[in-house]
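These notes concern the structure reproduced below.
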Amino acid sequence: MKKLIAIILSVTTIFCLSACGKTDAEKETDKITIVLDWTPNTNHTGIFVAEANGYFEKAGLDVEIVQPPEDGAVTLVASGKAQFGVSFQDTLAPAFIGDSPVPVTAVAAVIQHNTSGIISRAGEGMATPKGLEGKKYATWDLDVEKETIRDVMKVDGGNFDLVELIPSTVTDEVSALKSKSVDAIWVFYGWAGVACETAGLDTDYFEFADINPVFDYYTPVIIGNNSWLESNPETAKAFIAALSQGYTYATENPKEAADILMEAAPELKSNSKLVYASQEYLASEYIADASEWGEFDPERWAAFYKWLNEKNLLEEKINPDFGFTNEYLPK
């Protein structure tokens, strides 16, 4: 009996030592896929920083960063083929209406405020919305797009019906403005606006949110698959915490963060001047006046969806409070 007890104790001790002695590298990691909305750019820097600096690894995560398929990040996340993705509050709206909304939720704001607006050649009268009257605007011919411009022009005393709408084929804002094929373009300043600066092109610019606060919605955002979030809340929190570290690092170290981005996406190195300048610009936009990276203001989120309802821009009314959460952000 004494020998049997000794054997049992020895085996138990071996198992305990084996379990307790596992290194971090030997522990199982949670595999996660995040799909971008576009090719890598400075909106994504925090994701690549979290990967390069080991924030994902330290959180026990094995993260794969992929580019989107033709039908976009939302479809991939909704199907469960990716757990997270990059999207936008405005383009999510049509997916959130009806009895069966697409099963994704915005879980973090990449940039705290909407930095989009209209850029034009300097000194040609388009520094304010009213100045677009009689000018050539490159349009995607989207209802929300046109109603946004109509709204800010009305606030400024202008008439949208007097704008010359040119079907947009713009792939390079600098070339389009220099060639005068168009006079005004809707841009996100953190990339296209900064591109004009680094190219030495003098421009005028106004942001929609400065004219009407209802346009200070969230773009871009991190979305998650609803079923996966519900089943894996702690893993989701660990992932968002690692992202928060990545974007906080990019806020505090824009040059080093830009280097990490270009190392992950070498094709950007040919335009490093733009990448560095864009990263410097976004360093003050990732968190801005929020208490932490990723935080949503419920009133600002709802305000834009209420505006969509008032303008009847969706096939059905949308619940203004639907589609986002702050519960996965670091506490």
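The values are calculated or read from the model by the stated rules, or taken from the named source; none is laboratory data. Treat the numbers as computed from the prediction; the structure is a model and nothing was measured. Ideal geometry is used to build each Cβ from the backbone, glycine not excepted, and the neighbour counts take in all protein chains shown.
Of the residues A52, A73, which single one is closer than 17 Å to W228 by Cβ, touching a residue at least 12 places away in the same chain (Cβ under 8 Å) and in the same structural domain as A264 (by TED's automatic domain parsing)? Write out each step before concluding.
On the way: A52 fails: closer than 17 Å to W228 by Cβ.
Exactly one residue qualifies, and that residue is A73.
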When every residue in the stretch 29-51 that is part of a loop (DSSP other than H, G, I, E, B) and more than 11 Å from the chain's Cα centre (by Cα) is compared, the one farthest from L268 (Cα to Cα) is T29
Of all residues in the stretch 209-241 being more than 18 Å from the chain's Cα centre (by Cα) and under 30 Å from E173 (Cβ atoms), which is surrounded by the most Cβ atoms within 10 Å (Cβ to Cβ)?
I211
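Can you tell me which residue in the stretch 66-91 is modelled with the lowest pLDDT, limited to those that are part of a loop (DSSP other than H, G, I, E, B) and closer than 30 Å to K311 by Cβ?
Checked the stretch 66-91; the qualifying residue modelled with the lowest pLDDT is D71.
Residue by residue, here is whether (1) assigned to a loop (DSSP other than H, G, I, E, B); (2) crowded, with 18+ Cβ neighbours inside 10 Å holds:
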{"site": "A250", "(1), (2)": "no, yes"}
{"site": "I260", "(1), (2)": "no, yes"}
{"site": "S272", "(1), (2)": "no, no"}
{"site": "A290", "(1), (2)": "yes, no"}
{"site": "Y305", "(1), (2)": "no, yes"}
{"site": "N326", "(1), (2)": "yes, no"}
{"site": "K331", "(1), (2)": "yes, no"}
